[in-house]
Structure formats: structure tokens, C-alpha cells
Amino acid sequence: MAAPVTKDQELDLRVDSLAYGGNGVARLNGFVVFVRRGLPGDTVRARVTKVKRNHAEALAVDILERGPNRVDAPCAHYPSCGGCRFQDLAYEVQLESKAAQVADALGRIGGIADAPLEEIVPAEQVFHYRNKLEYSFTATPAGATLGFHRAGRWDEVLDIERCWLTTDLGNAIRNSVRDWAREERLPAYDQADHTGYLRHLVVREGRNTGQALVQLVTAAGERFERAHFVDVLRRFPAVRAIHWSVNETPAEVTNLPTTVLWGEEAIEEELCGLRFRVRPNAFLQTNTRMAERVYELALEYAALTGKDTVYDLFCGIGTIGLVMARDALTVWGVEVSEESVACALENADLNEISNAAFFAGEVAQSLAELSDRAGSPDVVVVDPPRAGLSGKSVRRIGRLEPDRIVYVSCNPTTLAANVKELVGEWGYRLERARPLDMFPHTPHVETVALLTRI
Ligand SMILES: C[S@@+](CC[C@H](N)C(=O)[O-])C[C@H]1O[C@@H](n2cnc3c(N)ncnc32)[C@H](O)[C@@H]1O
């Protein structure tokens, strides 16, 4: 049957719910239309942007009737800015949608009709929750400025005066770097023709320690006076580390070697009562308070007895493993980023934890060697990136037969696919699962799940 809509057609649609990824879901005689910028309860005029056999995509161009869940977005840059998608959706409805998405993924993809889902944990702070933000420089008639990509545009950066996801300190640091760039008449890098100089600014804050790290990313060459740039940032007593990276490639990346211009190589953050050193390229969950809630839940699900061998796979700077080490016999962490592993080793020392070891390596490749060295695990904790566990990782973990697998997920669809495999092929049962909202106003949802061996 042909799709009942055509590209560029305008339709009046009522949006029923939110799909995973953040688009509204509307139905035209049963045919699903995903509506960007449509919120549950809205009636919108939407222009069709893409037509597929089973569904279409559309952009809401006019809101004909505001749904009952719409609220006023506080940020002056909303909705042009690509950082937030749902500032105008009541927070309780954001939470309900995220919980429903996890249940839906576990049912539809995971094949678990009645998933043992616990109530979603709301964010403790709905705004100002991020401990790290990456800004792009862009040219304006007044000189270079700093901001985020305009929603849906890779080639346009929006000048940001106040971001509601960072703190007053984060906003002030960014604005002072913008003023410095203008005073120094340094040109922003142009992604289209690869001219200009200033590329990115990364600001990271240890939210429980009050320590900040600033990383400037430029094109090749030293075209600024280091001492003056350092002076500008040292006006903020929280700034403990000022780093500079050069990006000579066209790729828009910030994960680059850094030169310390002033201060420390790493800053510290405190999580669950432990101190963690964080280098510029090391992974740290970007919502400190909710990371603590995730780790507490992972610890609860792990139900450690003090005699357990725990594998912390995708361990980053060792956060989960070190939080668990207090209640385990031994902890063994694996992580692909050498910079993160260096931090994990330092963090074990910093906290005087001697029963945790960390290794650099790719998870699937490292498991055989790890089990030779560490023995079979009682508990395996996995915290993979959005792509989830590869088939090979699932098989290798399955063959190790841990009693419990604690799965920390940032993507319910890949969690569900992995759960299906672990349940269907490796003799596990999904015992408990709990979504947490780490990122209000965005489509992201975390889930902690416990799988036990039957
Ligand atoms: C979601 S983060 C979790 C980090 C840590 N558990 C935490 O809570 O901070 C995922 C981590 O997996 C690492 N990683 C990605 N792919 C990997 C792989 N194939 N093998 C090992 N580590 C990997 C990333 O570098 C990143 O540090």
C-alpha cells in the first residue's frame, strides 16, 4: 500500500506521544507520522519532510492548538538552539515519556512484555545540571562569538548569552572567553572554507569540588598571547586548569592532546564520597548528581557481599568500580581510552583503594585475558556507549557465567536488544530495571538493569 502522504505536503495532525529520540508521534488513519517539534496533546500544522513505506517524518510549522502539557521555556535561545528539545514540555510529562520509552523498548525489542520496571528517578536539578559543555566559535559582525549549533544545522552556530544547562560560572567563563576573542580580534574558524583560527571551548566543572577546567581548541599556530588568555581566566578562582589543543583536521572534535597553559593537568570531582581526577579527554558522566544516583543504584543491584570478583567493563575513570570496591573482594576495570585508564589508576591511589585494577583495552578483546588473570566474575557491570554491547561482547560475557550482570545503559533500544540476547541465549532473567533522568529537556534516558543467571 502506498504511503498516504507526499513530501512537502502540509497536514493538520494531533500529536499523541513522544517517540524515542524526541519526535512527536501522530497518526493519519493509522499511518505513523513522526513530528519534529510536536509535543503530546498538540494539534499542529506539519510539513512532510520524508516519506517511507511504514511512516513519514514531518516538521511542525505551526501550532494550531497548544497541548495541555506545554509550559513556557525559560531560555531565550529556545527552540533555535539545538541543545534542548523539550524545555516547553512539562517536566512530569518528560519523565512519563522517558519511562514509557524504556518499557516500550524492553517489550518491543527485548521481547519482555511485562518488564519489571521500577519508577523513573527524576533529575534532582531540572536546569543547570551539566558539568561539561562544548561550545563552537562562530563569526558575527561584532567579532567571534561562542555558542551551540542551531537545531538541525551543522553549519550554523547560535550566539549564546546564557545557557540554562550550565551554571552561572560556566556562562561567565564562556562569555569572558568570547569578550577576549573580540578584544584580541581573533577570527573564528569557518567550517565551510577552513579559514580562521578559534574552533572550540570546553568548560568542565567539578560540581562537588568547585574546580573548573577550560580547554581552548584552535587551528594550527600560536596566534594568541598565552599570559593574557591565562589572566582572563584566572579572574575566576574556580579555574584550576587551562589547556590548549590544536586541531589541524577538518573534523569538529575536541578529544585532542592538550598543552597545559596554566595550572593542573587534571581537576577533581567528588562522587559518592570518593575523589576522582578528571583529565580533559577522560570520560565523566556530565550530570554529577544523577551520576551519583546511577552508581548508588548499580551498587544496590550488584548486592555485593564482600567476597565478590567484580568486572567493571567500560569503566571510564573507574567511578563505578571504585564505588563498588568498598563492598567487593576485587574489582577489575576495562576501558578503551588510555587517558581514562590513567585517571582510574590514579583514582584508586587517591582513594587508597588497593583491591581495584584497571586495564586499557577493548572489552570484547580483553575478556579472555582478564578472566585468566582475575578469575571468573561474580558480578559484571557494563556501561557501554549508546551502541550498546557488540554481539561478541555479549557472547564473551555470557560464557563467563557471572551470577549477576548490572547493565548501566544510556540507550534503551540497545539495552533491550542486549537483554533479549542475554535472556534468550545465555540463561539470564531480567530481574529489575529502573530508568533515571540524567538529562532533562533532552530525549536521553538512562536505565540501570539487573540480570540474574537462572
Ligand atoms: C558511558 S561511558 C561509561 C564510563 C564510566 N562507567 C562512567 O560511569 O563514568 C562508556 C565508556 O566506554 C568506553 N568505551 C567505548 N567503547 C569501548 C570498548 N569497545 N571497549 C572498552 N571501552 C570502551 C568509552 O571510552 C567510555 O569511557
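The values are calculated or read from the model by the stated rules, or taken from the named source; none is laboratory data. Note that the structure is predicted; figures quoted are calculated from it, not measured. Cβ coordinates were reconstructed from backbone atoms using ideal geometry, including for glycine residues, and neighbour counts include every protein chain displayed.
Results, tabulated for the structure shown:
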| read-out | value |
| --- | --- |
| Single condition PRO443 does not satisfy, out of (1) of a type outside the set (Phe, Trp, Tyr); (2) surrounded by fewer than 19 Cβ atoms within 10 Å (Cβ to Cβ); (3) within 20 Å of the chain's Cα centre (by Cα); (4) within 16 Å of the ligand (Cβ to nearest atom) | (4) |
| Test: residue in the range 375-391 that is within 14 Å of the ligand (Cβ to nearest atom), free of Cβ contacts under 8 Å to residues at least 24 places away in the same chain and not acidic (Asp, Glu) | no |
| Residue list for the range 54-79, restricted to those being surrounded by fewer than 14 Cβ atoms within 10 Å (Cβ to Cβ) and touching a residue at least 60 places away in the same chain (Cβ under 8 Å) | PRO74, ALA76 |
| Residue list for the range 116-146, restricted to those being over 17 Å from the mean Cα position of the chain (by Cα) and among the small types (Gly, Ala, Ser) | SER136, ALA139, ALA142, GLY143, ALA144 |
| Flag if TRP180 is within 22 Å of the chain's Cα centre (by Cα) and on the phi < 0 side of the Ramachandran plot | no |
| Pair list, Cβ < 9 Å and 6+ apart or interchain, from the range 247-259 residues that are outside the structural domain of ASP190 (by TED's automatic domain parsing) to residues that are surrounded by 13 or more Cβ atoms within 10 Å (Cβ to Cβ) and acidic (Asp, Glu) | none |
| Verdict on ASN411 being buried (at least 23 other Cβ atoms within 10 Å of the Cβ) and either in contact (Cβ under 8 Å) with a residue 12 or more places away in the chain or at positive phi (or both) | no |
| Whichever residue in the range 331-340 is within 17 Å of LEU274 (Cβ to Cβ) and out of contact with any Cys (no Cβ under 6 Å at 6 or more places or on another chain) and, among such residues, is surrounded by the fewest Cβ atoms within 10 Å (Cβ to Cβ) | SER340 |
| Subset of the range 303-323 (residues that are buried (at least 24 other Cβ atoms within 10 Å of the Cβ), closer than 17 Å to LEU400 by Cβ and over 20 Å from the mean Cα position of the chain (by Cα)) | VAL310, TYR311 |
| Subset tally (residues that are closer than 18 Å to PRO141 by Cβ and either outside any loop (DSSP other than H, G, I, E, B) or among the aliphatic types (A, V, I, L, M) (or both)) for the range 152-174 | 4 |
| Which listed residue is crowded, with 21+ Cβ neighbours inside 10 Å and part of a helix (DSSP H, G or I), from ALA241, ALA181, ALA227, ALA212 | ALA181 |
| Residues of the range 134-150 satisfying the condition of being touching a residue at least 60 places away in the same chain (Cβ under 8 Å) and touching a Lys or Arg at 6+ places or on another chain (Cβ under 8 Å) | TYR135, SER136, PHE137 |
| Of residues in the range 100-115 being of a type in the set (Gly, Ala, Ser) and surrounded by 22 or more Cβ atoms within 10 Å (Cβ to Cβ), the one farthest from the chain's Cα centre (by Cα) | GLY110 |
| Residue that is surrounded by the most Cβ atoms within 10 Å (Cβ to Cβ) [pool: residues in the range 273-286 that are away from the ligand (no atom under 11 Å from the Cβ), assigned to a loop (DSSP other than H, G, I, E, B) and of a type outside the set (D, E, K, R)] | PRO280 |
| Test: residue in the range 147-164 that is over 23 Å from the mean Cα position of the chain (by Cα), of a type outside the set (A, V, I, L, M, F, W, C) and buried (at least 22 other Cβ atoms within 10 Å of the Cβ) | no |
| Condition check for ALA356: hydrophobic (A, V, I, L, M, F, W, C), farther than 21 Å from ASN255 by Cα and either crowded, with 18+ Cβ neighbours inside 10 Å or assigned by TED's automatic domain parsing to the domain that holds LEU415 (or both) | yes |
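Let's see how each residue does on (1) within 11 Å of the ligand (Cβ to nearest atom); (2) out of contact with any strand residue (DSSP E or B) (no Cβ under 8 Å at 6 or more places or on another chain):
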{"position": "ARG293", "(1), (2)": "no, no"}
{"position": "ALA302", "(1), (2)": "no, no"}
{"position": "GLY306", "(1), (2)": "no, yes"}
{"position": "VAL310", "(1), (2)": "no, no"}
{"position": "LEU313", "(1), (2)": "yes, no"}
{"position": "ILE320", "(1), (2)": "yes, no"}
{"position": "ASP327", "(1), (2)": "no, yes"}
